[in-house]
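K.L.:
Okay, handing you the structure first.
Rule-based calculations on the coordinates, nothing more; no lab input. All of these numbers come straight from a predicted model, not from anything done at the bench. Note: ideal-geometry Cβ built from the backbone for every residue, glycine included; neighbour counts use all protein chains shown.
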Amino acid sequence: MAHAPLFKLLRLRYLGAMSLSCPMPTPRYDAITLAHGGGGTLTAALIHAIFLPAFGAGPSAPHDATLFSLGGRRAAFTTDSYVVQPLFFPGGDIGSLAVNGTVNDLLMAGAKPVALTAGFILEEGLPLDTLRRVVDSMRAAAGIAGVAILAGDTKVIGRASGDGLYINTSGVGEIVVAEPLAPERIRPGDAIILTGDIGRHGIAVMAQRHGLSFDPPVASDCASLHGPMLELFSTGLSPHCARDLTRGGLGGALCELAAAAGVAIQIDEAAIAVAKPVRGACELLGFDPLFVANEGCAAIFTPLEHVDATLAVLRRHPATAHAAVVGTVTAGRGVSARTGLGTVRRLMPPSGEQLPRIC
């Protein structure tokens, strides 16, 4: 359990900082705020107002990777940037996070990851030992996931112009399923499988950033899901859709997917695993664990007849050993959650994010 006096002090300081850096949504913004980077409604508004008109309509529904054809072969492409602070945290660092996050995005589209690129924004004064440690971590994570880092770039910015180190990664993968995983394939009757417990990454990063201690310690779930997902694909158990639960957590992802697919989603909070120290931290700080970020956990939408076989595959792998069914898809609209008290609450998409700089 966390030390209560320290938590009380942190709560006042942290929530005060949040009120300054992550404002409540208003009908219109004239400048970028931190909330625009949270993966919620403000991020979506930014994409639809600025980027889609400039770059094209894109896919019919938002997804973790975009599909394209390369020499007659189906492929997926994705890109992401990582600005996590601190650079190192229990369970991972910005380097392993960048590789695993990009690999998982490709897997969520039904692709076997093949190659990555890496771009580094380096702040003047960054110790070379820090950079070397991050790069070694990236190499190790890429080796575990079976991908190559084939190209890269470096840029240096002035001292006090950044947070030491930012990383951008892009990845390409080969589609290995008959029908790519996509939000529009979600159907009423699908079961929702959660591959692990939630909230560990967001709480681990926040604790490291503010010097909190937990008993037992909280480590990020940062991991690649290539093992279980590729086995699912190879056995023909291709889900309708999958989403890794990063910014916005499980709740944010489900709200986005329900809207994209035009369906209703019902989940059972009692079936969702939350580690005791994570739950305690959320209660003390006023966070909803359903909306706290993860970096090695996914929601998988699969036909009801494939549930048992899918669970059997997932439970053979350490990263997904505790996979469980947590909900179902029905006709209708929106996302609802049955609480431990037997009541039902409506989940709404977040405007920003609860914890800053978690990826």
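K.L.:
Rounded to the nearest 0.05, what FRET efficiency do SER69 and ALA44 have when you use their Cβ-Cβ distance and R0 = 35 Å?
P.N.:
Once the sixth-power term is evaluated, E becomes 0.80.
K.L.:
Neighbour counts of other C-beta atoms within 10 Å: give me ILE167, ILE193, ILE121, ILE47 arranged from fewest to most.
P.N.:
Taking fewest neighbouring Cβ atoms as first place, the list is ILE47, ILE121, ILE193, ILE167.
K.L.:
Next question. Would you mind checking segment 80-94 for residues with the amide N under 13 Å from a putative spin-label position 7 Å along Cα→C-beta of GLU123?
P.N.:
Residues 83-88 fall inside that zone.
K.L.:
For every helix of n ≥ 4 consecutive DSSP H residues, a contribution of -39,500 (n - 2.57) applies; sum these over the chain, divide by its total residues, and give [θ] at 222 nm rounded to the nearest 500 deg cm²/dmol.
P.N.:
Calculated mean residue ellipticity at 222 nm is -9500 deg cm²/dmol.
K.L.:
As an exercise, use a Förster radius of 35 Å and the Cβ-Cβ distance of PHE88 and ALA264 to find the FRET efficiency, rounded to the nearest 0.05.
P.N.:
Efficiency at R0 = 35 Å is approximately 0.30.
K.L.:
Can you compute the modelled spin-label distance between ALA312 and ARG28, with each label point 7 Å from Cα toward Cβ, in nm?
P.N.:
Here the modelled spin labels are 5.9 nm apart.
K.L.:
Over the chain, what is the relative contact order in whole percent, taking alpha-carbon pairs under 8 Å and six or more residues apart?
P.N.:
In percent, rounded to a whole number, it is 25.
K.L.:
Using only C-alpha atoms and all pairs of different ones, pull out the Kirkwood radius for segment 183-347 in Å with one decimal.
P.N.:
16.0
K.L.:
Taking the number of other C-beta atoms within 10 Å as the exposure measure, put LYS276, LYS155, LYS112 in order starting with the fewest.
P.N.:
LYS155, LYS276, LYS112
K.L.:
Turning to a different aspect of this structure: Given a Förster distance of 25 Å, report the FRET efficiency between VAL156 and THR79 from their Cβ-Cβ distance, rounded to the nearest 0.05.
P.N.:
Using R0 = 25 Å, I get an efficiency of 0.75.
K.L.:
Which value in nm describes the separation of the simple spin-label points at ALA115 and ALA140, placed 7 Å from the Cα toward the beta carbon?
P.N.:
Going from the ALA115 label point to the ALA140 one covers 2.6 nm.
K.L.:
Just rank LEU128, LEU304, LEU34, fewest to most, by other beta-carbon atoms within 10 angstrom.
P.N.:
The order, fewest Cβ neighbours first, is LEU128, LEU304, LEU34.
K.L.:
Among the GluC sites (Glu not before Pro) within segment 234-327, which fall in a DSSP loop and have no more than 10 other Cβ atoms within 10 Å of their own Cβ?
P.N.:
none
K.L.:
Now, a different point. Once label points are set 7 Å from the Cα along Cα→Cβ at both VAL344 and ALA178, what is their separation, rounded to one decimal in nm?
P.N.:
Spacing of the two 7 Å Cα→Cβ label points: 3.5 nm.
K.L.:
Same structure again: What percent does the relative contact order of segment 183-347 come to when contacts are Cα pairs within less than 8 Å and at least six residues apart?
P.N.:
Over segment 183-347, the number comes to 43 percent.
K.L.:
Rounded, prolate or oblate: which fits the chain, taking a ≥ b ≥ c as square roots of the Cα gyration tensor eigenvalues, rounded meaning a/c under 1.5, else prolate when a/b beats b/c?
P.N.:
rounded
K.L.:
Compute the distance from the alpha-carbon center of segment 113-169 to that of segment 278-318, in whole Å.
P.N.:
29
K.L.:
Follow-up. Where in the chain are the DSSP H helices whose C-alpha atoms run 24 Å or more along the long axis and whose mean Kyte hydropathy is at least -0.5?
P.N.:
Counting only whole DSSP H runs, the qualifying helices are 4-21, 128-145.
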